[in-house]
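See below for the structure under consideration.
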Amino acid sequence: MAEISYPFTTDNATTGATKAVSEAQWQNMAHLWGWDRVDRTIAGQTSSANLPFSTNVVNAGTVQVGPGKATVGGFYYELTSALNLAISTNTADTPRKDLIVIRVDMAKPAVNLAVRKGINAATPLAPNPVRQVGGVWEMPLCEVSIPAGGGLPALSSRAPYAIPDPVAYPWNAEASASLLPANTFAYDMDCNGPEQIDEYFTYLDKPRITRGLGPTRKYTPSLVNVTALQQPLADREGRFRWIGPSTIWFSMRIFARTIDIKRLDSSWYLGVSLPYPASAAVGQTFHGMVQNTSPRGPASDMPNYFQLTGWTPVGKATTTLILLYPNHKTPAAGLDGLPMLPSGASLVISGVYEAADFPE
């Protein structure tokens with residue numbers, strides 16, 4: 001029969017359908033339902049001693065594995081009480097790494113704990129687990145580092161765990177996600193808006209945006225340290241996107257249409273606003289430029305093109321981006337606060353920054 005399918009309530013010799021499922025056929029199906037993992041959802045803080053399959057060194061040749069449950073190679077495994085595993089002592093003059101695994105052996109058939117022995121080397125590597133449908137299939141639990149000369153082994157967990165399943169909301173994802181278990185991903189599908197789709201991750205204290213999945217968002221940058229009358233006299237366009245946890249990409253363009261946009265006499269710089277406050281843990285800088293090639297009055301003697309440095313100093317989280325430019329009259333003076341944006345000139349600045357999203 002070229003075609004086989006299972007399981008069904010009855011056999012059909014014509015179509016190839018069968019109701020009986022062999023162990024190998026079960027594994028063919030079941031290992032596709034979910035990858036190998038310990039049967040424990042990671043949510044919130046814990047200690048290694050409280051996790052399933054916790055490990056302890058008994059002596060140079062013995063490691064104890066605590067109780068636990070897992071899905072391995074399509075089969076379910078339970079260890080109901082602590083079990084000691086023998087580790088080959090290492091009398092060589094180079095170290096070795098072994099791997100404690102949960103092993104499915106279809107030849108037995110059974111699922112049991114086992115130790116896959118590594119090879120001695122000056123810089124040893126742990127052996128790779130075997131994954132062969134219908135044969136031996138292994139899930140790593142713990143890496144065992146055995147020093148030369150018969151010393152005590154050191155243990156490092158290598159067991160994979162599940163996390164809470166992701167969920168989606170039509171809107172109001174941030175408030176809804178705050179009611180979810182820690183370590184849950186949630187998606188705001190923005191079913192009532194302009195496709196501003198966001199991914200959130202629920203940390204121990206609250207959910208935070210980890211990525212913006214829709215188009216880049218528009219925002220209107222404000223001019224900082226100018227009079228209220230000057231604010232509407234410039235075209236102000238900005239775009240941004242959350243590209244990672246507490247990480248934003250932004251770009252903006254400010255165009256002075258008809259008059260020079262000047263800083264207040266009481267301030268030393270002209271600034272612009274970011275879409276969200278920037279972290280001030282160590283300060284951040286950005287690159288920009290001004291195109292000043294339109295006809296302009298005598299008040300502006302700035303170069304046709306010049307670079308800008310945007311700066312958020314260390315200290316306090318802020319949306320204000322301080323604009324600095326090279327002193328065009330005295331280059332040795334270095335950077336000064338930008339005094340003005342000349343009439344007809346356009347300012348462009350962009351970059352990636354850490355948002356002030358986590359407690360500092």
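The values are calculated or read from the model by the stated rules, or taken from the named source; none is laboratory data. If you're wondering where the values come from, they're calculated on a predicted model, not measured in any experiment. Glycine also receives a Cβ, built like all others from the backbone with ideal geometry; neighbour counts cover every protein chain displayed. To get the accessible areas, we keep the full protein, side chains included, count just its heavy atoms, and leave off ligands, DNA and RNA. Shrake-Rupley method; radii C 1.70, N 1.55, O 1.52, S 1.80 Å.
If I compute P(r) over Cα pairs in 10 Å bins from 0, in percent from the structure I just sent, which labelled value in [x] 5, 20, 24, 16, 14, 12, 7, 2, 0; [y] 5, 25, 36, 26, 8, 1, 0; [z] 5, 16, 17, 15, 15, 12, 11, 7, 2, 0 lines up?
[z]
Computed on alpha carbon atoms, what radius of gyration and Dmax characterise the stretch 209-360, expressed in Å?
Reported Rg and Dmax, both Å: 15.6, 48.
Taking θ = phi - 60°, what integer Hz values does the Karplus form 6.51 cos²θ - 1.76 cosθ + 1.60 yield along the stretch 29-35, in sequence order, with x for Gly and Pro?
6, 5, 5, 7, 6, x, 6
Suppose every Lys and Arg Cβ carries +1 and every Asp and Glu Cβ carries -1, with no other charges. What dipole size does the chain come out with about its Cα centre, to the nearest 20 debye?
Once rounded to the nearest 20, the dipole reads 540 debye.
In whole angstrom, note down how far apart the Cα centers of the stretch 250-319 and the stretch 48-66 are.
What the calculation gives is 59 Å, centre to centre.
Over the stretch 246-360, what percent of the accessible surface lies on carbon and sulfur atoms, probe 1.4 Å?
Ligands and nucleic acids excluded, carbon and sulfur reach 56 percent.
Most mobile of Ser156, Ser22, Ser222 per a Gaussian network model of the chain (Cα springs, under 10 Å)?
Ser22
With springs connecting C-alpha atoms under 10 Å apart, model the chain as a Gaussian network and identify which of Pro95, Pro275, Pro331 has the largest mean-square fluctuation.
Of Pro95, Pro275, Pro331, the Gaussian network model singles out Pro331 as fluctuating most.
What list of ³J(HN,Hα) values in whole Hz, one per residue of the stretch 97-111 in order, does the Karplus curve 6.51 cos²θ - 1.76 cosθ + 1.60 (θ = phi - 60°) give from phi, with Gly and Pro shown as x?
Rounded to whole hertz, the list is 10, 10, 10, 7, 10, 9, 10, 8, 10, 5, 6, 6, x, 5, 10.
Would you calculate, for the chain, the mean residue ellipticity at 222 nm contributed by helices, counting each DSSP H stretch of 4 or more residues as -39,500 (n - 2.57) and dividing by all residues, to the nearest 500?
Numbers: 2 runs with 13 residues, N = 360.
After summing the helix terms and dividing by the residues of the chain, the value is -1000 deg cm²/dmol.
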